[in-house]
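The block underneath contains the structure these notes are about, expressed in structure tokens.
Read-outs throughout are calculated quantities, based only on the coordinates presented, and are distinct from any laboratory measurement. Not measured: the values here are computed from a predicted model. With ideal geometry, Cβ positions are generated from the backbone for all residues, glycine too; neighbour counts draw on all protein chains shown.
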Ligand code: SAH
């Protein structure tokens, strides 16, 4: 196959995506990154969208093998933030000039539909902010209630498009059911986010290709491709972190295939490589998600080990200097889905 030819095509076949993810020569990988950056620029110009995260509970009813929040992990000090704590964190996010609040947690039914609704209504009333929910699988009625309350987006990653691997890592769970949730969220009208974990044992390049193609097929508005990093309190504690090159190639190829979707430079990438935010933004990503989870909770949201923690305001200051350096700037507005804008 001829690299230049592939990079000039509008639609890529599965074999061509596998070919791109398998590139090894430095000059070829460089071409891949340049192409991804060009496509990112075509859709987003020099705008980088920020989403402020608050990780409001680390209780989880699920037992995902790779995750430090899994319910079988008895070593984790669990916490739940009160509504007031969540709202005051949302206020900090808004005051920092960030126009999306991401509410993330383990799967925790302590937060009833009405409590989540109440939190959404309060944030929407007090602040001029978009809301993304990332709180795992819930019922269709709940999704509808939260959408009606004003939540804009829902992030529910498919994690892996390989059926068998999905069932290995989520015992008693099926990929089909996860995808039904994502489709349901989309139908209800959420801007929907999905994505994978790169570097799970047993996963190969074809699987990662399928992850990208699945995001395309489901017409997701945002897609997060994050590297696996082990949690010392999970059965995968001995598994090495994802390969950095494969992670970066996945982000770049995803940009080339998915074109106008939002792709974050993830916290996991920041943990994997020190200058992850900058590197990610240069090879296809257009979103950064600064973490506003307050101390002392922040240290206990241990999805994986050595999760990068920082003071969000310092982080933002450094980020702005970096953005300036690479000729980018914080995006105007709420950074809604480009797909949504096109359909209006
Ligand atoms: N409970 C929610 C969201 C919280 S977890 C949900 O199920 O959607 C957020 C994300 O962290 C998950 O979607 C998963 O992709 C990622 N994650 C979990 N463990 C990880 C690990 N060890 N390395 C990298 N990412 C991980």
Task: Alpha-carbon Rg/Rh ratio, for the chain, with Rh computed the Kirkwood way - done: 0.94
Task: Cα convex hull of the stretch 9-99, projected area averaged across orientations, nm² - done: 10.6
Open item on the list: Neighbour counts of other C-beta atoms within 10 Å: give me 239, 116, 54, 321 arranged from fewest to most.
Closed with: 321, 239, 116, 54
Task: C-alpha long axis of helix 205-217 to longest principal axis of the chain, angle in ° - done: 60
Task: Cα shape, the stretch 167-209, gyration tensor, a/c 1.5 rule - done: oblate
- [ ] Please work out the Cα center distance from the stretch 11-83 to the stretch 270-330, rounded to the nearest Å.
- [x] 13
Task: Tilt relative to the chain, helix 26-44 - C-alpha long axis, 0 to 90 degrees, to 10 - done: 50
Task: Mean shadow area of the stretch 219-344, taken as a quarter of the surface of its Cα convex hull (nm²) - done: 9.0
Task: For the stretch 259-304, radius of gyration divided by Kirkwood radius, i.e. Rg to Rh on alpha-carbons - done: 1.04
Task: Approximate spin-label separation residue 96-residue 71, in nm, with each point projected 7 Å along Cα-to-Cβ - done: 3.2
Open item on the list: Tell me the relative contact order for the chain as a rounded percent, counting alpha carbon contacts under 8 Å between residues six or more apart.
Closed with: 24
- [ ] Going by C-beta contacts inside 10 Å, put 215, 184 in order with the fewest on the left.
- [x] 184, 215
Task: Principal-axis tilt of helix 244-258 within the chain, Cα atoms, nearest 10 degrees - done: 90
Task: Residue exposure sequence - 48, 257 - by fewest surrounding Cβ within 10 Å - done: 257, 48
- [ ] Run the numbers on the stretch 52-138 and let me know its relative contact order in percent, using alpha-carbon pairs under 8 Å that are six or more apart.
- [x] 36
